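The values are calculated or read from the model by the stated rules, or taken from the named source; none is laboratory data. Computed from a predicted model, the values in this text were never measured in an experiment. Positions of Cβ are generated from backbone atoms using ideal geometry, with glycine treated the same way; all protein chains shown enter the neighbour counts.
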Amino acid sequence: MTSAGVRWHSGDHCPNALTGADAPDWFELADNPGAELVKRNPLREVYRVTLARGVFFAKVFHHRGVAATLKRWVVGPPAVVELHIADALSRAGVSAIRALAAGVSPTGDRSILLSEEFLGAETLAELWEGSRPQPLRIAESLVAFLAKSHEARVLPRDVHPGNLLVRRGAAAGEWEIAYADLAGMRIGRSVTDHEAARSIAELYQWFRARSSAAQRVRFLRAYTRRRFGENRSLRRRFAHLVEAVAAAHQRRLWA
């Protein structure tokens, strides 16, 4: 669908008001009083946009440079790619932001992903650095979420606390986890032990400075039990692998 020169790709749950003639000018959010810039880097910006029908997030990608242009022609505009990833995650039963639509600017130099607000959620980093309620319950929910992702053949590229959304679940002591950043996710191929270890090593390294050794051991034991059952040899080998990958990651940061 094309509206005001923008080529829209809509997900299964996109309200027409977001992409129709009466929609905001999504590519000029800097001048919109209802839009708040929440994140920016040279390649993308994220806005929190308040409309009459609710709160939405707009992730604007800038297709700058030869590499970005070639990638756009080969795999498609990044916003459209992330919309397809969100749909695939939904079919796999893995929680993530609810992407509604992706649009490409008339000149093709930008694309935008629109998603619903994940109501009541904070990033894991915000929650852990703030009140940190029920840390063991949150860690248990996080383990279950990562294990379910890997079992569903979903391999996220960048697992760190700023890319994971957390909110209280319906039951007491229950926490819901969801992916906030879908870039680079691989879906549909089995996740090997080495890939799983790399996937959680950055998160494990982050916890190293923010939790006790006993809590980290409990975290790894819970994940390895979910992945390997009662095979203690495989569980120990995987735990050592995560430790090694996390240490290598730390060395790269200090290099």
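Can you pull out the residues in region 75-88 that are under 11 Å from the mean Cα position of the chain (by Cα) and either aliphatic (A, V, I, L, M) or outside any helix (DSSP H, G or I) (or both)? Spell out the reasoning first.
The initial filter retains those residues of region 75-88 that are under 11 Å from the mean Cα position of the chain (by Cα), namely 82, 85-86.
Hits for region 75-88 are I85, A86.
Any residue at all in region 92-99 that's at pLDDT 90 or above and in a helix (DSSP H, G or I)? So that I can check it myself, show each step before the final result.
Going residue by residue through region 92-99, those that are at pLDDT 90 or above are 92-99.
Remaining after also requiring in a helix (DSSP H, G or I): 92.
Checking region 92-99: at least one residue is at pLDDT 90 or above and in a helix (DSSP H, G or I).
Any residue at all in region 174-189 that's within 17 Å of R226 (Cα to Cα), charged (D, E, K, R) and out of contact with any His (no Cβ under 6 Å at 6 or more places or on another chain)?
The answer is no; no qualifying residue exists.
Under the condition of being β-branched (V, I, T) and assigned to a strand (DSSP E or B), which residue from region 23-74 is surrounded by the fewest Cβ atoms within 10 Å (Cβ to Cβ)?
Looking only at region 23-74, we keep the residues that are β-branched (V, I, T), and these are 38, 46, 49-50, 55, 60, 66, 69, 74.
Right, trim to assigned to a strand (DSSP E or B) and you get 38, 46, 49-50, 55, 60.
Numbers: V38: 11, V46: 19, V49: 19, T50: 14, V55: 13, V60: 22.
Filtering first and then ranking leaves V38.
Please pick out the residue among L136, L124, L51 that is touching a residue at least 12 places away in the same chain (Cβ under 8 Å) and either over 25 Å from R198 (Cα atoms) or aromatic (F, W, Y) (or both).
Checking each option against the conditions leaves just L51.
Which of the residues spanning region 110-130 are crowded, with 20+ Cβ neighbours inside 10 Å and in a strand (DSSP E or B)?
If the condition is that a residue be crowded, with 20+ Cβ neighbours inside 10 Å and in a strand (DSSP E or B), then R110, S111, I112, L113, L114, S115 are the ones that fit.
Of the conditions (1) touching a Ser or Thr at 6+ places or on another chain (Cβ under 7 Å); (2) under 25 Å from S90 (Cα atoms), A239 fails just one. Which one is it?
(2)
If I filter region 137-146 for residues that are surrounded by fewer than 19 Cβ atoms within 10 Å (Cβ to Cβ), of a type outside the set (A, V, I, L, M, F, W, C), at pLDDT below 95 and in a loop (DSSP other than H, G, I, E, B), do I get at least one hit?
There is no residue in region 137-146 that is surrounded by fewer than 19 Cβ atoms within 10 Å (Cβ to Cβ), of a type outside the set (A, V, I, L, M, F, W, C), at pLDDT below 95 and in a loop (DSSP other than H, G, I, E, B).
If a residue must be out of contact with any Pro (no Cβ under 9 Å at 6 or more places or on another chain) and surrounded by 13 or more Cβ atoms within 10 Å (Cβ to Cβ), how many such residues does region 211-235 contain? Can you show your working first?
First, the residues of region 211-235 that are out of contact with any Pro (no Cβ under 9 Å at 6 or more places or on another chain): 212-214, 216-235.
Right, trim to surrounded by 13 or more Cβ atoms within 10 Å (Cβ to Cβ) and you get 216, 218-228, 231, 234-235.
Total satisfying the criteria: 15.
S141: touching a strand residue (DSSP E or B) at 6+ places or on another chain (Cβ under 8 Å) and not assigned by TED's automatic domain parsing to the domain that holds W26, yes or no?
Numbers: touching a strand residue (DSSP E or B) at 6+ places or on another chain (Cβ under 8 Å): yes; not assigned by TED's automatic domain parsing to the domain that holds W26: yes.
For S141, the condition - touching a strand residue (DSSP E or B) at 6+ places or on another chain (Cβ under 8 Å) and not assigned by TED's automatic domain parsing to the domain that holds W26 - is met.
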